[in-house]
Amino acid sequence: MIHLDAAATTPVRREVLEAMWPYLTGEFGNPSSHHALGDAAARALRAARATVAEWFGCRAADVVFTSGGTEGANLAVKGLALGSPRGRHVVLSAIEHPAVVESVDHLRRLHGFEVTVVPVDSAGLVDPAAFAAALRDDTTLATVMLANNEIGTVQPVTELAAIAHARGALFHTDAVQAAGWLDLRLDRLGADAVSISGHKLGAPKGIGAVAVRGRLPLEPVLHGGGQERGRRSGTENVAFAVGLARAVELAEPGRVAAAARATALRDEFVGEVLRRVDGAVLTGHPDARLPSIASFCFPGTAGEAVLLGLEERGVTVSSGSACAAGSDEPSPVLLAIGLDPAVARTAVRFAFGHDVTAADLGTAVQALEATLASLATLR
Ligand code: PLP
């Protein structure tokens, strides 16, 4: 099977599993325990935190381990908005992941926040002027994702964060899809908080991290024993944190080269699809996009049928976002970029991992042509 659904998830890398193994077996201690087993776990957690902090370019104390991207978004969005005394207004883009959208909606429903949604253009980009206009004196937090999970568009986050700061608002970015492809250092992004998820990066599902700049007040979402400096209670998932750190160590040194390689393969793939498939439409921004995501609409088909046809031919993809799976509704992201609902239902996302090859993509183009041809004969 050729896995072109890496934006949904990636397999755990062998080196990651090997790094985790001791902390699932012999060194199984609880970092809070006052004996040798506990000390060993605490040391491993400290080392993992240091590695992840270096990746974010922040202090170790600024890293909070979470159960993944959803919890990270909940913690950053609710935690910063409720932790800051400034006001009760939040700004987000129109193409945020449900983890952010629903966290903001929670603030609206249960805490009386007002919410402004900033639209995006047909390429999925937030217009900095529209973003600036949405900010108010009582805006506590603005949250705009670094890269979109469905269309791959990369936002001008550094510029947006500077605009938010000029108005006194905090800025969070959901960098789940960007991890392993883009620079996530807080000072480069200018963000106050960045959230990521391990399973997009060769670590297991169920681990993630949020980097929160300095000593910003962060209201916890999980209450309990006060682990993670009171920011996220619950016995720490030591083995998975070690795994996340190992995945970062493996990905970061070669990240720029991997991104350049994937970008070249992606551009070739996009060119081939557009050349060989009549009526195919590339969604997202032509240049400001992740190296790893190429999403198309194939008007006149159904995305789900194309997905099944590709699977029969050995290629796994997604029709829209796996995170919103189980619903027949057209994707809100595709509607937000102005697609007609009927066209949005024809969306198919190809998302590469770091190990993608030109041969894989060649096979995928052939499988796509064959799938579309067989669907056309059915009509
Ligand atoms: N944010 C984005 C942009 C995502 O793509 C996803 C998952 O696909 C998430 C958040 C949620 O992450 P997790 O699956 O780790 O909860």
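Here is a yes/no grid of residues against (1) of a type outside the set (A, V, I, L, M); (2) farther than 30 Å from GLY314 by Cα; (3) open to solvent by 50 Å² or more (accessible area, probe 1.4 Å):
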{"position": "VAL12", "(1), (2), (3)": "no, no, yes"}
{"position": "TYR23", "(1), (2), (3)": "yes, yes, yes"}
{"position": "ARG43", "(1), (2), (3)": "yes, yes, yes"}
{"position": "VAL64", "(1), (2), (3)": "no, yes, no"}
{"position": "VAL77", "(1), (2), (3)": "no, yes, no"}
{"position": "VAL90", "(1), (2), (3)": "no, yes, no"}
{"position": "VAL100", "(1), (2), (3)": "no, yes, no"}
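Do we have any residue at all in the range 265-281 that's without any contact (Cβ under 8 Å) to a residue 12 or more places away in the chain and of a type in the set (Asp, Glu)?
There is at least one residue in the range 265-281 that is without any contact (Cβ under 8 Å) to a residue 12 or more places away in the chain and of a type in the set (Asp, Glu).
In the range 176-196, which residues are open to solvent by 10 Å² or more (accessible area, probe 1.4 Å) and in a loop (DSSP other than H, G, I, E, B)?
Within the range 176-196, VAL176, GLN177, TRP181, LEU182, ASP183, ARG185, GLY190 meet the criteria.
Of all residues in the range 354-379, count the ones that are surrounded by fewer than 21 Cβ atoms within 10 Å (Cβ to Cβ) and under 21 Å from the mean Cα position of the chain (by Cα).
Residues flagged as surrounded by fewer than 21 Cβ atoms within 10 Å (Cβ to Cβ) and under 21 Å from the mean Cα position of the chain (by Cα) within the range 354-379 amount to 1.
Looking only at residues that are within 17 Å of the chain's Cα centre (by Cα) and polar (S, T, N, Q) in the range 136-151, which one is farthest from the ligand (Cβ to nearest atom)?
THR143
Working only within the range 241-260, note down all residues that are more than 29 Å from TRP21 (Cβ to Cβ) and either modelled with pLDDT under 95 or surrounded by 15 or more Cβ atoms within 10 Å (Cβ to Cβ) (or both).
Within the range 241-260, just ALA259 meets the criteria.
Within 16 Å of the ligand (Cβ to nearest atom), part of a helix (DSSP H, G or I) and either under 17 Å from ALA373 (Cβ atoms) or open to solvent by less than 60 Å² (accessible area, probe 1.4 Å) (or both): which single residue out of LEU334, LEU308 fits that description?
Result: LEU334 is the single residue among LEU334, LEU308 that is within 16 Å of the ligand (Cβ to nearest atom), part of a helix (DSSP H, G or I) and either under 17 Å from ALA373 (Cβ atoms) or open to solvent by less than 60 Å² (accessible area, probe 1.4 Å) (or both).
Can you work out which of the residues in the range 199-223 that are in a loop (DSSP other than H, G, I, E, B) and within 15 Å of ALA81 (Cα to Cα) is nearest to the ligand (Cβ to nearest atom)?
Restricting to residues being in a loop (DSSP other than H, G, I, E, B) and within 15 Å of ALA81 (Cα to Cα), the top hit is VAL221.
The values are calculated or read from the model by the stated rules, or taken from the named source; none is laboratory data. Remember, it's a predicted structure, so these values are computed and weren't measured experimentally. Methodologically, a virtual Cβ is constructed for each residue, glycine included, from the backbone with ideal geometry; neighbour enumeration extends over all protein chains shown. We work out accessible area using only protein heavy atoms, side chains counted, and drop any ligands, DNA or RNA first. Shrake-Rupley method; radii C 1.70, N 1.55, O 1.52, S 1.80 Å.
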